[in-house]
Amino acid sequence: MKLSSIKTFFKKLPWYFKILSILFSFIILFFILLILVDFNFLWLFGTGPTIDDIENITQAEASIIYTSDNKVMGKFFNENRTPVKYNEISPLLIETLVATEDERFYNHHGIDIQGIISASADVLMGKRARGASTITQQLVKNLYKARSNKYSKGLLGRIPGIKLIIMKMKEWIAAFKIERRFSKQEIITMYLNTVDFGSNAFGINTAARTYFNTKPSCLTYEQSAVLIGLLKATTTYNPRINPKNSLKRRNIVLQHMMQLKFISSDMCDSLIQIPIKLDYYVENNYDGMALYFRDAVAQSLQNWCSENNINLYTAGLKIHVTIDSVMQSYAEQAVMEQMEIVQKNFNQHWAYHNPWCDERGREIPNFIENIVKRSVQYKRIVEKFGENDSININAELNRPRKITVFDYKLGSRDTTLSIIDSVKYMVKFMHASLVAIEPQSGHIKAWVGDLNFKFWKYDKVTSMRQPGSTFKLFDYTEAMNQGLSPCDERIDDYISWKVWDNGKQKYWMPHNADGICHKIPFSLKNAFARSINTIAVQISKEVGIENINKTAHLMGIHSPLNDTIPATCLGGSDVSLLELTNSYCTIMNDGIYHDPILVTYIEDRNGNVIYTAPNTDSKAVEYEPAFLMQQLLKGGMTEMGTTSGFLWNWVRPFYKDTEFGGKTGTSSNHSDAWFMGISPNLVGGVWVGGEYRCIHFRTGELGQGNATALPIFGIFAKKVFSDSLFNNYHQKFPLPKEKISRCYRCKAYSLPDTALIDTLNIIE
């Protein structure tokens, strides 16, 4: 048929057939255009979400950390989103969503034709266009960011007006594909899990908890109306910062639901009278327990995440860690109980004097000023006034301002201090850390990095400090390796050791903590328990510092140790509390070393196990030397005159079925106080000291390990072993598993009686 004949035929048609023909042709052309856009014909339209994108929907989800007793410890997230299932969402919320955002949701296939026609008519009539975007289309925007730079724009997509039409078409196409792939229930669930409700609340699970401290399944009509009303503008209608706007918007949502017959007129009237009752709290990455431990977990997983292309903060992992929530609570309580006493003693000890002093006891000049100059506040002040404007800089540093500081009774308190005075206030605090490990499994059961994570982010469990006499574990272990026995004797007498200092030959002659040499023989077991320095130095000289350090590295010390300085044998090289405690675990595990374990296993968002803790077992010490060292550690509680004897004040009730051992340590100037508490199934390490090494107790018992660190372990142990949840930790030191060729029952007491305990001569 010729073109002229077609024109003649078309002119003879009734007017309504002409309109239908034009409309039908338009529809055909429209669908052809959609196909061309979908296939990116001649690269004119750019790419959009593919079938693979749609069938493998992924969105950022928070990774949740679970304790060993299955409590939620906290989260890692960029967008705080934890998805829920359809049956975990209140039907009232779903009704509210559909009524407000897409009333024909159950009748269309992703594109609301009626809505588009109505919106177009509004435009033609000069009215403000109503929204025609369906829930499915909004889901496309949330999931795929079809209008972002993630997908290419194509040649036509570079034209501003055409670009918007093409982007809209891509959303329609993706919405249609989603409707074909997923059920209406699945689409509703995905949408509510995806959408941003403001206040860092992504998804309905987080939103319900953030605004109303409830579950999505428990949301009421009025609460649902507030949350769905937020979707129009999360800031404008935020009930926290704009309560009047939120109330007005909520009531509009409820009235619209009444008009659509979702609720009755009477119900609407009664709901509108209810005020908005918020229980508002914005969750952040530092909510929950064991914050120092969680930071350590994140650091420990960095390489694994990098190797497996996993983002810890968006992958929706379920991270199962070794911490026990109850034991962690006991550890935190123990630290705070004892450190409040330590702080009171410290304040009285220094009275009106500043505690930052050099080795000769003289106050360090400009100590506070130098700390201030390293601060962010100081750098900002210098940027504002310039480095040479000392008058304004000093005035700003000394200007009183509102500030929040740490407080034992309140946790924190608001006050008014200058920058200089606030630094003076904060550096005078003594600090502590505690870590408890199961020696057989390597599982870390409690981890306290410091007093308060908000004020001191630096984790003292992993920081490097001088271990003092706790390092003697390695001196004596190497002695046992080389054939010595616990019952061998050495005389408590001064010994000199030739050393080189700046090219000059000198003699190092250490002394005991009490300054006394008894000039009599002691068994190695008793010398270890009493922490006699002269005997530790004697055996170290016999076995060699290099051999001691080699053994220390095998047992768990990863930090560098100085082979050339004899003082290393008395703790002269820095180590961390974590590696030191784990080294004590090696002895309690019969000489078998393994890395401390923070994470037992990890599941992906679908519940598949994608990580399990590796087995790093290795023999560090032969069985017999390890067993003999267990006896030396046990001697810390059974020998006369021990430095660990005060521990009986807390663990005496458990002596019938549980045995303990221990080792104290104090650095030479009292900067660092330590205690290693030992039981067959649980090893705990404690450190106490100042943030800076120059801040410490002066000479005297107050700053020693048995006076500051030991009570923390004692309080912790009493709480743990009194709790029936931890009955499995009750055990006595095991009998030999192999034949022991060396004597170890020397001058030992089966158990001190009360009178003996009270008269123990405690010396460091």
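The values are calculated or read from the model by the stated rules, or taken from the named source; none is laboratory data. Just so it is clear, the structure is predicted and the values come from calculations on it, not from any experiment. Cβ atoms come from the backbone with ideal geometry, glycine included; neighbour counts cover every protein chain shown. To get the accessible areas, we keep the full protein, side chains included, count just its heavy atoms, and leave off ligands, DNA and RNA. Shrake-Rupley method; radii C 1.70, N 1.55, O 1.52, S 1.80 Å.
Brief remarks follow.
- Some residue of region 595-603 being outside any strand (DSSP E or B), open to solvent by less than 30 Å² (accessible area, probe 1.4 Å) and not aliphatic (A, V, I, L, M): no
- Residue satisfying all of: in region 224-248; without any contact (Cβ under 8 Å) to a residue 24 or more places away in the chain and outside any loop (DSSP other than H, G, I, E, B); surrounded by the fewest Cβ atoms within 10 Å (Cβ to Cβ) among these: Lys244
- Considering region 60-77, the residues that are out of contact with any Ser or Thr (no Cβ under 6 Å at 6 or more places or on another chain) and of a type outside the set (A, V, I, L, M, F, W, C) include one that is surrounded by the fewest Cβ atoms within 10 Å (Cβ to Cβ), namely Asn70.
- Consider region 680-734 and keep the residues that are touching an Asp or Glu at 6+ places or on another chain (Cβ under 6 Å) and of a type in the set (Gly, Ala, Ser). The one that is most open to solvent (accessible area, probe 1.4 Å) is Ala707.
- Each residue in region 697-749 was checked for being over 30 Å from Gln482 (Cα atoms), modelled with pLDDT under 95, touching a strand residue (DSSP E or B) at 6+ places or on another chain (Cβ under 7 Å) and not polar (S, T, N, Q), and 1 pass.
- Checking the stated criteria, Ser441 turns out not to satisfy the condition of being polar (S, T, N, Q) and surrounded by 24 or more Cβ atoms within 10 Å (Cβ to Cβ).
- When we screen Gly677, Gly662 for residues that are in a strand (DSSP E or B), buried (at least 23 other Cβ atoms within 10 Å of the Cβ) and in contact with a Ser or Thr (Cβ under 6 Å, 6 or more places away or on another chain), the only hit is Gly662.
- Any chance Lys261 is in a loop (DSSP other than H, G, I, E, B), among the basic types (Lys, Arg) and over 39 Å from the mean Cα position of the chain (by Cα): yes
- Within region 149-186, the set of residues being surrounded by fewer than 20 Cβ atoms within 10 Å (Cβ to Cβ), in contact with a helix residue (DSSP H, G or I) (Cβ under 6 Å, 6 or more places away or on another chain), within 22 Å of Asp102 (Cα to Cα) and at pLDDT below 80 comprises Met169 only.
- For His511, the stated conditions do not hold, so it cannot be described as within 37 Å of the chain's Cα centre (by Cα) and open to solvent by 60 Å² or more (accessible area, probe 1.4 Å).
- Just one of the listed residues (Leu484, Leu451) is open to solvent by less than 40 Å² (accessible area, probe 1.4 Å) and either over 27 Å from Tyr66 (Cβ atoms) or among the small types (Gly, Ala, Ser) (or both), namely Leu484.
- Note on region 359-442: enclosed strands (runs of 3 or more DSSP E) holding 3 or more residues that are under 30 Å from Asn589 (Cβ atoms) are 430-437.
- Taking the numbered list (1) closer than 20 Å to Ser667 by Cα; (2) of a type in the set (S, T, N, Q); (3) open to solvent by less than 30 Å² (accessible area, probe 1.4 Å) in turn, Gln466 passes all entries but (3).
- Taken over region 294-337, the criterion of being out of contact with any Asp or Glu (no Cβ under 8 Å at 6 or more places or on another chain), closer than 19 Å to Lys454 by Cβ, surrounded by 21 or more Cβ atoms within 10 Å (Cβ to Cβ) and of a type outside the set (Val, Ile, Thr) is satisfied by Arg294, Gln328, Ala331.
- Boolean, Asp501 is out of contact with any helix residue (DSSP H, G or I) (no Cβ under 8 Å at 6 or more places or on another chain), open to solvent by 30 Å² or more (accessible area, probe 1.4 Å) and under 14 Å from Ile565 (Cα atoms): yes
- Filtered residues of region 338-358 (kept if open to solvent by 20 Å² or more (accessible area, probe 1.4 Å) and part of a loop (DSSP other than H, G, I, E, B)): Ala351, Tyr352, His353, Asn354, Asp358
- Options Lys424, Lys373, Lys428: the member that is surrounded by fewer than 14 Cβ atoms within 10 Å (Cβ to Cβ) and more than 30 Å from Phe202 (Cα to Cα): Lys373
- Annotation for region 624-633: no member residue is among the acidic types (Asp, Glu), at pLDDT 95 or above, assigned to a loop (DSSP other than H, G, I, E, B) and open to solvent by 10 Å² or more (accessible area, probe 1.4 Å).
- Remark: pairs (first residue in region 599-628, free of Cβ contacts under 8 Å to residues at least 24 places away in the same chain; second residue open to solvent by 70 Å² or more (accessible area, probe 1.4 Å); Cβ separation under 6 Å; 6+ apart in sequence or on different chains) = Val609/Tyr601; Thr612/Tyr601.
- Close pairs from region 340-368: first within 20 Å of Glu701 (Cβ to Cβ) and of a type in the set (D, E, K, R), partner open to solvent by less than 100 Å² (accessible area, probe 1.4 Å) and in a loop (DSSP other than H, G, I, E, B), Cβ under 6 Å, at least 6 apart: Glu340/Tyr408
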